[in-house]
1. When the chain is treated as a GNM, springs tying every alpha-carbon pair under 10 Å, which of 122, 86, 11 comes out with the largest mean-square fluctuation?
2. Could you tell me the calculated FRET efficiency between residue 210 and residue 15, based on Cβ-Cβ distance and R0 = 22 angstrom, to the nearest 0.05?
3. When 1/r is averaged over all different Cα pairs and the result inverted, which Kirkwood radius in Å belongs to the stretch 136-225?
4. Please return the longest stretch of the chain lacking exposed loop sites, where GluC sites (Glu not before Pro) count only if DSSP places them in a loop and at most 16 other Cβ atoms lie within 10 Å.
5. Taking 0.36 nm per residue of sequence separation and subtracting the Cα-Cα distance, how much length would be gained by fully extending the chain between residue 250 and residue 60, in nm to one decimal?
6. Sorted from fewest to most neighbouring beta carbons within 10 Å, what does the list 14, 27 look like?
7. I'd like the orientation of helix 183-197 relative to the chain: the angle between its Cα long axis and the longest Cα principal axis, in ° from 0 to 90, rounded to 10.
8. Once the Cα atoms of the stretch 3-252 are picked out, what are the Rg and Dmax in Å?
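Quick note: the coordinates plus some simple rules give every number you see, no bench work behind them. What you see is a predicted model, and the numbers here were worked out from it, not measured in a lab. When we count neighbours, we look across all protein chains shown, and the Cβ atoms used for this are built from the backbone with ideal geometry, even at glycine.
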Amino acid sequence: MEDGSSVEPTGFRKTGTPRAIELEVVKTTLAAEIGLSTGLFYVPRVLRADPMAGVLELERVPGLRTLTELTSHGHPDVERAVTILGASMAEVHRRLQLPPDLTASPPHPWRDRREDLVYVHGDLTTNNVCWDEAGHRLMIVDWSSAPLFGMPVTIADRCLDLAWFCASMFWSPSLVRRPLYPAEAICNAFLTSYAVACPSFSVERFRDFDHDLMVETRYAVPGAPLRAHVADRLRRTRWSRWLRTSRTLRELS
């Protein structure tokens, strides 16, 4: 999916294919209703949409800070934000329902690997989860699926959202800027909150998910310099060690 975005005086303008814009409008609207009804999170409102023209304008909320920014600076609200996020995603996975014509499963080789299918965010990363410091609230943005899939994805194993987010926590912020930020503790808090709100969550299924493929899809950068490969190797080592040795994951089993 090809899209773009820009900040306008009254809103945040995105462009994309008619199908992509239609999907994002529906998902954004439904997710906003879930956020308001649960009181857990907020989704910027759709101000204007013209799918045929490939244009979407979303509410612009000033003063937001992404989780990437918060973790880069060791912000004290990070753990609070990811704890709320875990409960929020459990509600999204339980409540979000799209019409059949907007239901799209993941591309090969993830297709039909799991029976635990839910409607997903599709690009849950530290850049798409924000903290509104003025309003003391969590905000989840960009309800279009990740362009890296090569197609819109609306339904998948719940582990896709969970693992995609945890992997982004290990890969962001830059290892150079903050090499010892607590990715393991943050992911533990996120998954613990999700498991409390979703009794059907299975640590075994999470561990069995194809994490290597997911990481390759998201983070493989052809032609990257040697130091980027070294940093990537360090992150992968931390990620694999966390999956194998996390006491929290053992306790949730």
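1. Top of the fluctuation ranking is 11.
2. 0.10
3. Evaluated on the stretch 136-225, it is 15.0 Å.
4. 134-253
5. Between residue 250 and residue 60, full extension yields an extra 64.3 nm.
6. The most exposed by this proxy come first: 14, 27.
7. 60
8. 17.5, 50
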